[in-house]
1. Can you pull the one-decimal nm distance between simple spin-label points at Val105 and Leu13, each 7 Å off the Cα toward Cβ?
2. Subtract the Cα-Cα distance of Lys77 and Val4 from 0.36 nm times their separation in residues, and report this length gain in nm to one decimal.
3. Count the lysine pairs in the chain that are 8 or more places apart or on different chains: how many have C-alpha atoms under 21 angstrom apart?
4. Take each of the peptides 87-94, 10-17, average the number of other beta-carbon atoms within 10 Å over its residues, and list them starting from the highest.
5. Regarding the chain, what whole-number volume in Å³ per residue does the convex hull of its Cα atoms give?
6. From the helices alone, meaning DSSP H stretches of at least four residues, give me the mean residue ellipticity at 222 nm for the chain, per-run term -39500 (n - 2.57), in deg cm²/dmol to the nearest 500.
7. Which of the trypsin sites (Lys or Arg not before Pro) found in segment 1-84 are loop residues per DSSP with 10 or fewer other Cβ atoms within 10 Å of their Cβ?
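Nothing in this text is a laboratory measurement; each read-out follows from the coordinates by a stated rule. Keep in mind the model is a prediction, meaning the values are calculated, not measured. Cβ coordinates were reconstructed from backbone atoms using ideal geometry, including for glycine residues, and neighbour counts include every protein chain displayed.
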Amino acid sequence: VVPVPKWHNPWQLGTVLSSHLGWVRCLAIDGTNNELLATGSADRTIKIFNVAEACVGDEAALKLTLTGHVSAVRGLKFSTQFPYLFSCGEDKAVKCWDLETNQVVR
């Protein structure tokens, strides 16, 4: 069960994204068109969501799960040269992901 936070006016909780098995440690929003949201977690995975679908609570909002870190993911940054996402973790690794092939390129 996901705890629901209490928000102060004028904020309201619109939706809750729940797919990680550990605490979410970082997030990033695609800066080119604000279409994608990436979350990094203590479960060593990166989840990619479609923002528009997530905002209306669509279960199909989760587009992709990336695995490759051996410790918690601590930082995410979308590249201005789409389709790349950079991640760093407690494993002291920095990875460059190609979101079209879902593979690490560096």
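1. With each label placed 7 Å out from Cα toward Cβ, I get 3.9 nm.
2. So the extension gain works out to 23.6 nm.
3. On the way: Lys47/Lys63; Lys47/Lys77; Lys47/Lys92; Lys47/Lys95; Lys63/Lys77; Lys63/Lys95; Lys77/Lys92; Lys77/Lys95.
The number of close lysine pairs in the chain is 8.
4. Details: 87-94: 15.6, 10-17: 10.0.
Per-residue Cβ counts within 10 Å, averaged per peptide and sorted highest first, yield 87-94, 10-17.
5. Values: hull volume 11.6 nm³, N = 106.
Cα convex hull per residue, to the nearest whole number: 110 Å³.
6. -1000 deg cm²/dmol
7. Numbers: sites: Lys6, Arg25, Arg44, Lys47, Lys63, Arg74, Lys77; in loops: Lys6, Arg44.
In loop regions of segment 1-84 (DSSP not H, G, I, E or B), the sparsely surrounded trypsin sites (Lys or Arg not before Pro) are Lys6.
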